[in-house]
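Structure first, then comments.
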Amino acid sequence: MTEPRGPVDSSRIPRFAGPATFARLPRLDEVGHADVAVVGVPFDSGVSYRPGARFGPAAVREASRLLRPYHPGLDVSPFAQMQVADAGDIACNPFDIRDAVETVDEAASGLMEDGTKLVTVGGDHTIALPLLRAAARRHGPVALLHFDAHLDTWDTYFGAEYTHGTPFRRAVEEGILDTEAVCHVGTRGPLYGKRDLEDDRRLGFGIVTSADVMRRGVDEVADALRQRIGGRPLYLSIDIDVLDPAHAPGTGTPEAGGLTSRELLEILRGLAGCDIVGADVVEVAPAYDHAEITSVAASHVAYDLIGLLALGKA
Ligand SMILES: [Mn+2]
């Protein structure tokens, strides 16, 4: 096996120069095959409030320039232990959501064909549905941990089925989730009514609220999640609005009282050993960001996801 090609050497090319790929990794077309590919989906036509997540992938790549190759929290050097590459963006129709959903499904399935696992950077949360379809086509119905301020299991908005607030209801309806092991983490904030929670529970979801994380602590929460997941193939969907607006102001539907970036990263690290088959980080909307707070957080979340995938490969 040839050695993986890693990021450009920052002792030779400073971090503010060189390629604009995620973590300054090679492009997928430069390495041919990747164990893990970072792919952008600059799509935000499914949002219900502030638009702008179409600029998320570029902002997260820019903020990822400072990532370094060794992850001490997980004791892993992901870029040395496997080939990681940047697969560029999936370009989809900004005027036709159904068409965009099909495009993401096909492109993700194509990228996964030879076993590549995807860490997808959105884009709004609509894209989780086609990404889950692609994952389920390969692995069967998948367990899901959904980190978000919101449930995202609403039925329709203005009659529209495919939006950033509805992907996980569609996914349950389509039978692509293993509903024995689906859970929201970090939810909070006002709802339309109590029925939102009843519907969500009926769909099969468990909930660890943002307040639960604070009361129980990250280790206990991660242990409970890991037990619930067991050995099932697991998809992780991370809406950056799971973080408090202090940690992620640059997002479309911010809610007070969220996780700190430290809590989120530590819960993720507590999932080491799970059989992760794919992941996304969505809803970074850089126009509302300050000093790259949100895109730095998202780039670190993506790096942790890659680290978890590297551990799974070891
Ligand atoms: Mn969401």
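Looking at segment 170-182 only, could you name the residues that are within 22 Å of V47 (Cα to Cα) and open to solvent by less than 40 Å² (accessible area, probe 1.4 Å)?
R170, A171, V172
Looking at segment 65-172, what helices (runs of 4 or more DSSP H) fall wholly within it and have at least 1 residues that are in contact with a strand residue (DSSP E or B) (Cβ under 7 Å, 6 or more places away or on another chain) and either of a type in the set (F, W, Y) or within 16 Å of the ligand (Cβ to nearest atom) (or both)?
Correct list: 97-112, 128-139.
Among the listed residues G258, G217, G252, which satisfies the condition of being at positive phi and of a type in the set (G, A, S)?
Going through G258, G217, G252 in turn, the sole match is G217.
Spot the failing condition for G217; the list is (1) crowded, with 18+ Cβ neighbours inside 10 Å; (2) more than 24 Å from T120 (Cα to Cα), and only one is missed.
Of everything listed in (1) crowded, with 18+ Cβ neighbours inside 10 Å; (2) more than 24 Å from T120 (Cα to Cα), G217 misses just condition (1).
Could you pull out the residue among V277, V281, V301 that is over 17 Å from G52 (Cα atoms) and within 16 Å of the ligand (Cβ to nearest atom)?
V301
Hey, can you tell me all the residues within segment 31-60 that are out of contact with any strand residue (DSSP E or B) (no Cβ under 7 Å at 6 or more places or on another chain) and open to solvent by 50 Å² or more (accessible area, probe 1.4 Å)?
G32, H33, Y49, R50, P51, R54, F55, A58
The values are calculated or read from the model by the stated rules, or taken from the named source; none is laboratory data. In this text, all values refer to a predicted model and were calculated from it rather than measured experimentally. With ideal geometry, Cβ positions are generated from the backbone for all residues, glycine too; neighbour counts draw on all protein chains shown. Ligands, DNA and RNA are stripped out before the accessible areas are found, and what is left, the full protein with its side chains, is counted by its heavy atoms. Shrake-Rupley method; radii C 1.70, N 1.55, O 1.52, S 1.80 Å.
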